[in-house]
Each structure stands twice: as C-alpha cells, then as structure tokens.
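Encoded as structure tokens, here's the structure I'll be asking about.
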Amino acid sequence: MERPDHDLAFMLQYENVAWYEDGAVRILDRRCYPRTVSFVTCTRYGEVAKAITDMVTQSAGPYPAAAMGMALAAYECRDKREAEQRAFLKTAADCISNARPTTAKRMARVCETMLEAAEAAWKAGEPVDAAIKRRAVEANDSRYNKIARIATHLVDKFPDDGTILTQCFAETIVGMMLREAKARGKRLRIFCPETRPYFQGARLTATVCYEMGFDVTVITDNMPAFVMQREHVDVFTSAADAITMDGHVINKVGTFQIAIAAKHLGVPYYVTGVPDTVHPSVNDVKIEFRDPAFVLEAMGVKTARDGVKGYYPAFDVTPPELVTGVVTDRGILSPYRLADYGTRDAYEVVV
C-alpha cells in the first residue's frame, strides 16, 4: 500500500520529520534547513523534549517527534520490571507533553495514545519500543490521510490560476494542498511571509512549494497587506496550533494582523484543522513567550543595539469574525458552528 507521504517534499517524508530506530530518535533540524540539511540525534527522551522546546522541529513536527520520543523512552527502560517501565513511560509522557505550553494538551493526547500502545505490548509480550513506533507510524498515516481530505476542501476554494498567501509553515497541509492542486491542474502563485524570528515561511514553506514545482515568492512580514492589494491575492490560508471551540484561531504571531488586512480587503481567510475539544474557549489557551533575544537578531546575526529590549510572543489569537471558514476533513465549517464538527459528513460555510 502506498504511504500517504508519497510525492511530498523532502522535509514532509516521515523519516525526515522525526524517526526512531536502533535506540535513537533522529529529527530534522528545521532551524537551519534548507541551507543546511542536518539531523539532531536523541538517545534519551529528555533530549527529544529539549529538541521540541528548542524549536529543532516546529509546526506539526513536534507531534511525530513526541510519539517517536515515547518509543525511545520504552527502549531506555526496557530492562526494568513492567511496573517500573509503566512509571518511567508516564514520566516521559509528562515531560514530552509539556515541552511547549501552548500545545501541551494536543501533545498529551499523542503521548496517551503511545501509552495505550505500551499497555497492549505488555499484554502481548512484545517489545514495547517496537509497538510504540508502529503506533506512531499508524498515527502519521491517519494524520496525513486526514490532512489530504482537508486539502481537497481547501483547494476547492483556489481558482485555477490563483494567488495564495500563507503564514508561517503549515506543515503537511502545504504539501497536501499543492499535491491536490497539481492533480487538478491548478496553477498557483504562492506568497510566503518570512515569519520572523525563525523564518519558517522563508525557509520551510517556500522550500516545500519550490520542491513541488510551484511559483513561490518570499515577502517580509510587513508586506502582506500591500501584496494582497497589489498582487490580487485570492485566498489567505494558515494552519493553527489550536482552534478553540468558540472559534478562535491560535497560530504563529502575525496571523491576526494578516487576517485583519484580509478582512478589510475582502480576501477570504481559511484556516485548516479540526476543532480542539480540549480547548472549549480561548481562555483555556496559554500563549507561549519565548526568549526575547531572538527578536533582536536575524538567523543568529544581531540587528539591534545592545541594551535594547525584545518582545517575543510565539502565537497570537485571531477571533472568529475574521475567519471565513475552518477547513476540516469533513468539509468547511463556520467558526461559529464548530460544535457541528462530526455531526454530518459534509458541510459548507455558514457565517
């Protein structure tokens, strides 16, 4: 059976996101990709958690990294008694889940699934690390297939010769939407804001678009409104680190201001993902603040005078009135009707 990451760009292949093998987890270092292709090798689950905290992998990359990190934890404690292994894995799950605060609840669900795989392995008398890795790959298959379905609904909103504006790096949905557009013969122009301070748009999104054969242009983070107006952008789209049940989108900082400009200029904004039942309201989300020193530099080169302060919220919150639709695997839903997710096989935007 063909794996769902077929025909996607290099960095979206399973082995090039995060991969457990021979007692180690190998993670593509997205902090320096694509200028340098290197991997961080972790031999302890704590190193996986640190790699996630340190942004070695970003966007949706931490989720497979977390799952593979749990396989590594099982390998670390393989010689302990079952009760000790169970306690060790629960500690590992807590550590990995909380590597980044804003996504802690999603990460906890990933780790809980891996704990279930461990329980099944103990009952079956099979190696726990192998069982967890198998579950991690199955989870990847499921996620990629779900995102492929999301892509079919999103691409419905792209004109045949459309101009699309993205934000940050939307991970698998970028590759899936381009693969779907190519299958339909749609020719797209993609504009990618650079997404400081890690430049995910310039380095990651643009690289995926280029490798998959699309016309892609990088712009600075203060250009989206001008580009939407001057270049006749048809759709603004992003993924989300969380979509609360009351319709708020938590995504890379800068999404909110692009959504404001899009609303003013009449450009529809479609966010991709599924509603997070673990976040009933926006008040349940903790916005992560990172080292402000990163704002005072560009890819390691200092740009501000010593003594000047920086400010670095990793995410912002876009309210539902700025969101045209939430594109899910079952169709497109109004941000005001997220409770309807799962109640019907398909739906269209009702705003």
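The values are calculated or read from the model by the stated rules, or taken from the named source; none is laboratory data. All of these numbers come straight from a predicted model, not from anything done at the bench. FYI the Cβ positions are ideal-geometry reconstructions off the backbone, even for glycines, and counts take in every protein chain you see.
Among the residues of the stretch 194-230, which ones are among the aromatic types (Phe, Trp, Tyr) and farther than 25 Å from ALA304 by Cα?
Hits for the stretch 194-230 are TYR210, PHE214, PHE226.
May I pose another question? How many residues are within 19 Å of the chain's Cα centre (by Cα) and not hydrophobic (A, V, I, L, M, F, W, C) if we restrict to the stretch 181-209?
Total satisfying the criteria: 11.
Separate question: Among the candidates ALA240, ALA261, ALA304, single out the residue that is in contact with a helix residue (DSSP H, G or I) (Cβ under 7 Å, 6 or more places away or on another chain), buried (at least 19 other Cβ atoms within 10 Å of the Cβ) and among the aliphatic types (A, V, I, L, M).
ALA261
Sort through THR217, THR113 and tell me the only one that's surrounded by fewer than 21 Cβ atoms within 10 Å (Cβ to Cβ), of a type in the set (S, T, N, Q), touching a Lys or Arg at 6+ places or on another chain (Cβ under 8 Å) and assigned to a helix (DSSP H, G or I).
THR113
Could you pull out every one of the strands (runs of 3 or more DSSP E) wholly within the stretch 1-59 that has 2 or more residues that are over 23 Å from VAL253 (Cβ atoms) and in contact (Cβ under 8 Å) with a residue 24 or more places away in the chain?
Strands (runs of 3 or more DSSP E) meeting the threshold: 18-21, 24-28.
Do we have VAL227 as part of a helix (DSSP H, G or I) and farther than 20 Å from ASP5 by Cβ here?
Yes.
Please find, among ILE164, ILE190, the residue that is buried (at least 18 other Cβ atoms within 10 Å of the Cβ) and out of contact with any Cys (no Cβ under 9 Å at 6 or more places or on another chain).
Only one candidate qualifies: ILE164.
For LYS133, all conditions in the list (1) under 29 Å from VAL233 (Cα atoms); (2) part of a helix (DSSP H, G or I) hold save one; what is the number of the exception?
LYS133 satisfies every listed condition except (1).
Then there is this: Quickly run through the stretch 109-148 and pick out the residues that are free of Cβ contacts under 8 Å to residues at least 12 places away in the same chain and within 30 Å of ALA181 (Cβ to Cβ).
Across the stretch 109-148, the qualifying residues are GLU138, SER142.
Right, next: Are any residues in the stretch 266-285 on the phi > 0 side of the Ramachandran plot and surrounded by 15 or more Cβ atoms within 10 Å (Cβ to Cβ), and if so, which ones?
GLY273
Something else now. Picking from PRO159, PRO197, which residue would you name as being of a type outside the set (A, V, I, L, M, F, W, C), crowded, with 18+ Cβ neighbours inside 10 Å and in a loop (DSSP other than H, G, I, E, B)?
One residue alone meets the criteria, PRO197.
Identify, please: which residue in the stretch 286-301 is surrounded by 11 or more Cβ atoms within 10 Å (Cβ to Cβ) and either of a type in the set (Val, Ile, Thr) or assigned by TED's automatic domain parsing to the domain that holds ASP54 (or both) and is, among those, nearest to TYR269 (Cα to Cα)?
ILE287
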